[in-house]
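The values are calculated or read from the model by the stated rules, or taken from the named source; none is laboratory data. On a predicted model such as this, the values are computed, not experimentally measured, just so you know. Cβ sites come from the backbone with ideal geometry, for glycine too, and all protein chains shown count toward neighbours.
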Amino acid sequence: METPIIAAVISGIVAIVSPIITYLITRIYDRRGLGRILGRRKALIGIWKGSIVQDNDRELGAISIDMSFTSSGKVVEGNFEFVDPISNQVIKLKFTGGFYHEQFAKFDYTNADELVVQFGSAIMSLASDG
């Protein structure tokens, strides 16, 4: 093969492989602080139903919620669903995160509907008595 063809093939391979390697290294780096899902942390995994009370100026009362969490390695993923009391619409959020300390978990969330701009972070704590 001629030198320009070899150079073009090598350039093509590098152009394909570089983003893949960058993505993998970024994922590993972002998850470096997460702890393994062991012991009482496993209690989070599963389906949860309950209610939350929003603390603000308006009296909204309790909002019923459904949550489900799964784990793979150090990462916890989940779904959160509730009915917005103001608009009466079902809101579905996707969570991803993990444990940064024995009892504290940090999750980033986005709306399950990609057309809706809704995102944020939540810090959750396992109860200290159980």
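Inside the stretch 85-122, can you point out the residues that are free of Cβ contacts under 8 Å to residues at least 12 places away in the same chain and either part of a strand (DSSP E or B) or surrounded by 11 or more Cβ atoms within 10 Å (Cβ to Cβ) (or both)? Residues satisfying the conditions are Val90, Val116, Phe119. Here is the figure for the stretch 14-49: residues that are at positive phi and modelled with pLDDT of 70 or more total 1.
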